[in-house]
Amino acid sequence: MSPPRVDLATLPTPLTRMHRLEAALQTGPLYVKRDDLTGFGVAGNKARPLEYLMGAAVERGADVLVAAGSPSSNFCAAAALAAATVGLGCELLFPGAPPEPPSVNVELARVAGARVLFGVVQTREELDDAVIDHANALRAEGRRPYPLPRGGATAVGAIGYANAVRELSEQCDHAGIQVATVVVATGSGGTQAGLVAGRVGFGLTWQLVGASVSRPTQPLADQILRRSQDCAAILALDPPGTENVDLRDCRGAGFGVASRDDHVSGRLALRHEGLLLDNYYGAKAMTLFRSLLADGAPTPAVFWHTGGVAAALTALTQGA
Ligand SMILES: *Cc1c(COP(=O)(O)O)cnc(C)c1O
């Protein structure tokens, strides 16, 4: 039996050769998996997990989604849009005071009809517990909340990326590409958990490397492994092991703070391939991609573009 799902994303997303970046970096074949083009708001990678999270929420008879993140959170904006399209309420928790100038993603969520609550807690790390408390308070008022951890990183959400592995694999089979290396930006780890579950479960052999942009790698790698195992169990796939989670520390000076290398990465992607990368995720993952290639990572290699359009455009005018 397949898990309940609502249609949000336009799939498959393109898999495109990056000839000009290849020439610039002097490497073998490079490809980009265009999950910046999932076609639901500016959700990027969040559209795939939200299809299953909304499916589960609707099946469970929920009437309100509860989620949380930093003001830059693409997940919160995407969750607000997704909740609106399936007729659920949405309450979003953000840490501390509202940012000045306002964040595009928070305003997008508000316009989509979400109730936006600042200052319930002061730090990002406290948000997951705050979501549970808020859901309990709503339940006490007779509501039927569906609480989600940051990034929507649950085993159910990860199904979206387990399926994306099959999608990539079909595209590669069709085009005769034998992928050797895949790089993806990792925040909450939901995306990587799904990719790990799919890669092992569907028997793919490429090396998957995650660029951790916001959290220390050790606790996060453990969480990714557990979620990927739970996701594999839902899909009746073989469970991944520790050796299947390769996560590198790409935080640098902090979440959203780009190094000189990250600026070079963003510019390379834009000027050679017309790709918009943001400083939270995409630029840091591209820096890892370049450094792995420079160290001899085998090609063909795939850069999994996860989106981040809102932040990429905001950075142009706010110098973020
Ligand atoms: C959320 C996000 C990621 C990371 O995905 P996780 O599932 O949270 O690890 C990467 N890139 C962009 C643009 C995102 O919004």
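Could you count how many residues in the range 198-230 are aromatic (F, W, Y) and open to solvent by 20 Å² or more (accessible area, probe 1.4 Å)? Spell out the reasoning first.
Taking the range 198-230 and keeping what is aromatic (F, W, Y), we get 202, 206.
Adding the requirement that they be open to solvent by 20 Å² or more (accessible area, probe 1.4 Å) leaves 202.
Matching residues across the range 198-230 total 1.
Of all residues in the range 299-320, which are within 13 Å of the ligand (Cβ to nearest atom) and outside any loop (DSSP other than H, G, I, E, B)?
From the range 299-320, those within 13 Å of the ligand (Cβ to nearest atom) are 303-315; that's our starting set.
Within the range 299-320, F303, W304, H305, V309, A310, A311, A312, L313, T314, A315 qualify.
Within the set of pairs 6+ apart or on separate chains, which have a first residue in the range 119-130 that is closer than 16 Å to L148 by Cβ, a second that is in a loop (DSSP other than H, G, I, E, B) and open to solvent by 50 Å² or more (accessible area, probe 1.4 Å), and C-beta atoms under 7 Å apart?
Listed by first residue and then by second, the contacts come to A130/V120.
Does T287 satisfy the criteria of being in a helix (DSSP H, G or I), at pLDDT 95 or above and either open to solvent by 70 Å² or more (accessible area, probe 1.4 Å) or within 16 Å of the ligand (Cβ to nearest atom) (or both)? It would help to see each step written out before you state the result.
Working: in a helix (DSSP H, G or I): yes; at pLDDT 95 or above: yes; either open to solvent by 70 Å² or more (accessible area, probe 1.4 Å) or within 16 Å of the ligand (Cβ to nearest atom) (or both): yes.
Yes: the conditions hold for T287.
Please state which one of A193, A185 is part of a helix (DSSP H, G or I), open to solvent by less than 20 Å² (accessible area, probe 1.4 Å) and touching a Lys or Arg at 6+ places or on another chain (Cβ under 7 Å).
Values: A185 fails: part of a helix (DSSP H, G or I).
A193 is the lone residue from the list that is part of a helix (DSSP H, G or I), open to solvent by less than 20 Å² (accessible area, probe 1.4 Å) and touching a Lys or Arg at 6+ places or on another chain (Cβ under 7 Å).
Given the conditions (1) open to solvent by 60 Å² or more (accessible area, probe 1.4 Å); (2) at pLDDT 95 or above; (3) under 20 Å from the mean Cα position of the chain (by Cα), report the number of the one that V131 does not fulfil.
(1)
Quick check on A158: is it among the small types (G, A, S), in the same structural domain as G256 (by TED's automatic domain parsing), outside any strand (DSSP E or B) and on the phi < 0 side of the Ramachandran plot?
Numbers: among the small types (G, A, S): yes; in the same structural domain as G256 (by TED's automatic domain parsing): yes; outside any strand (DSSP E or B): yes; on the phi < 0 side of the Ramachandran plot: yes.
For A158, the condition - among the small types (G, A, S), in the same structural domain as G256 (by TED's automatic domain parsing), outside any strand (DSSP E or B) and on the phi < 0 side of the Ramachandran plot - is met.
May I ask you to say which residue of Q122, Q178 is over 20 Å from the mean Cα position of the chain (by Cα), in the same structural domain as D36 (by TED's automatic domain parsing) and surrounded by fewer than 22 Cβ atoms within 10 Å (Cβ to Cβ)?
Details: Q122 fails: in the same structural domain as D36 (by TED's automatic domain parsing).
The unique qualifying residue is Q178.
Count, please, the residues in the range 231-261 that happen to be on the phi > 0 side of the Ramachandran plot and either exposed (fewer than 14 other Cβ atoms within 10 Å of the Cβ) or not small (G, A, S) (or both). Walk me through how you get there before you give the answer.
Of the residues in the range 231-261, the ones on the phi > 0 side of the Ramachandran plot are 236, 252, 254, 256.
Checking which are either exposed (fewer than 14 other Cβ atoms within 10 Å of the Cβ) or not small (G, A, S) (or both) leaves us with 236, 254.
Looking only at that region, the number is 2.
Just checking, does the range 143-164 include any residue being away from the ligand (no atom under 12 Å from the Cβ) and among the hydroxyl-bearing types (S, T, Y)?
Step one: of the range 143-164, the residues away from the ligand (no atom under 12 Å from the Cβ) are 143-147, 155-156, 159, 162-163.
Adding the requirement that they be among the hydroxyl-bearing types (S, T, Y) leaves 146.
Within the range 143-164, one or more residues are away from the ligand (no atom under 12 Å from the Cβ) and among the hydroxyl-bearing types (S, T, Y).
How many residues does the range 138-155 hold that are in a helix (DSSP H, G or I) and either under 13 Å from the mean Cα position of the chain (by Cα) or in contact (Cβ under 8 Å) with a residue 12 or more places away in the chain (or both)?
At the first step, the residues of the range 138-155 found to be in a helix (DSSP H, G or I) are 138-140, 150-152, 155.
Cutting the leftovers down to either under 13 Å from the mean Cα position of the chain (by Cα) or in contact (Cβ under 8 Å) with a residue 12 or more places away in the chain (or both) gives us 138, 150-152, 155.
Number of matching residues: 5.
Yes/no matrix, rows are residues, columns are (1) among the β-branched types (V, I, T); (2) modelled with pLDDT of 95 or more:
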site: A43; (1), (2): no, yes
site: G55; (1), (2): no, yes
site: V58; (1), (2): yes, yes
site: D63; (1), (2): no, yes
site: A67; (1), (2): no, yes
site: E91; (1), (2): no, yes
site: P95; (1), (2): no, yes
site: P102; (1), (2): no, no
site: N105; (1), (2): no, yes
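Test of understanding: among V64, V6, which residue is away from the ligand (no atom under 16 Å from the Cβ), over 25 Å from H174 (Cα atoms), in contact with a Pro (Cβ under 6 Å, 6 or more places away or on another chain) and not acidic (D, E)?
Working: V6 fails: in contact with a Pro (Cβ under 6 Å, 6 or more places away or on another chain).
Residue meeting the stated conditions: V64.
Starting from residues that are more than 11 Å from the ligand (Cβ to nearest atom), assigned to a helix (DSSP H, G or I) and in contact with a strand residue (DSSP E or B) (Cβ under 9 Å, 6 or more places away or on another chain), keep the ones in the range 30-54 and report whichever is most open to solvent (accessible area, probe 1.4 Å).
L37
Mind counting the residues in the range 267-284 that are open to solvent by 30 Å² or more (accessible area, probe 1.4 Å) and either part of a loop (DSSP other than H, G, I, E, B) or closer than 10 Å to A211 by Cβ (or both)?
Looking only at that region, the number is 4.
Check whether at least one residue in the range 290-298 is within 16 Å of the ligand (Cβ to nearest atom) and open to solvent by less than 70 Å² (accessible area, probe 1.4 Å), and report yes or no. Steps first, answer last, please.
Just the residues of the range 290-298 that are within 16 Å of the ligand (Cβ to nearest atom), to begin with: none.
No - not one qualifying residue is present in the range 290-298.
The values are calculated or read from the model by the stated rules, or taken from the named source; none is laboratory data. Nothing here was measured: the structure is a model prediction, and the numbers come from that model. Every residue, glycine among them, receives a Cβ derived from its backbone with ideal geometry; neighbour counts consider all protein chains shown. SASA here: full protein model, heavy atoms, side chains in, ligands and nucleic acids out. Shrake-Rupley method; radii C 1.70, N 1.55, O 1.52, S 1.80 Å.
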